[in-house]
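The numbers here are math on the coordinates, done by the rules we state, and not lab data. Owing to the predicted nature of the structure, the values given are computational and were not obtained by experimental measurement. Quick reminder, even Gly has a Cβ in these numbers, built from the backbone with ideal geometry, and neighbours come from all protein chains shown.
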């Protein structure tokens, strides 16, 4: 079984590297954006499929949450990358971050040997309330700065606060428990995920901040490449973490 799992993981990584090189080549050389988008979407589908068939090695509850998170990631990328439906795509990404937030809390309690449903859900509620308060504060400041608060912007603010908090806690957990391979892999995946979203924000900067066209063109060109440069590896690492035991 262990040898079989290693072969599956090796094949998964090889396929991902080939697709990664293919879409980066298309993006850097000005190739077909449609073909590039479909290759990128296949990267995400393959990540979900890899996690879907992961068994035994990861904790059962955490494995279920990872499968759920990657499933909603597929939906999000279908909406945003393929269908250009941004608002609902961000909403499903919010679901991804809430699922990962539960996973982070559960991992912490498991490592502390204090995992109970009450503790996990209490942590989830506190975290969501904090995210709502911070998001409301940021949106209020934006409104005072005469920025139009469209639904997509408000959803994006809440999403970004969610991923920042999740990344911070996952990295903190990885530093607290450096011997846990699963925790380290998840933290690295979340960190790369956050770097991707920072570039998404830079990519859309001109919609909210006035700047010289030449400056925005430079930011646009760089961030459009870096988004998926970070995003694809983040999802691959998150998927691979499902096959890692707690130690």
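So the values come out like this:
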quantity: Relative contact order of the chain, defined on C-alpha pairs under 8 angstrom at six or more residues apart (%); calculated: 23
quantity: Spin-label pair residue 118/residue 11, simplified geometry with 7 Å Cα→Cβ offset, distance in nm; calculated: 4.7
quantity: Ranked 172, 40, 7, criterion: other C-beta atoms within 10 Å, fewest first; calculated: 7, 172, 40
quantity: Pairwise Cα inverse-distance average, inverted: Kirkwood Rh of segment 69-207 (Å); calculated: 16.0
quantity: Helical mean residue ellipticity (222 nm; -39500 (n - 2.57) per DSSP H run of 4+; nearest 500) of the chain; calculated: -28000 deg cm²/dmol
quantity: Label point distance in nm, residue 87-residue 146, each placed 7 Å from Cα along Cα→Cβ; calculated: 2.6
quantity: Sequence of 177, 86, 159 once ranked by neighbouring C-beta atoms within 10 Å, starting from the fewest; calculated: 86, 177, 159
quantity: As computed over the chain, the Cα convex hull volume per residue (Å³); calculated: 123
quantity: Footprinting exposure proxy for 148, 107 (fewest neighbouring C-beta atoms within 10 Å first); calculated: 148, 107
quantity: Segment 1-101: translational diffusion in µm²/s, Stokes-Einstein, Kirkwood Rh over Cα pairs, 37 °C, 0.692 mPa s; calculated: 221
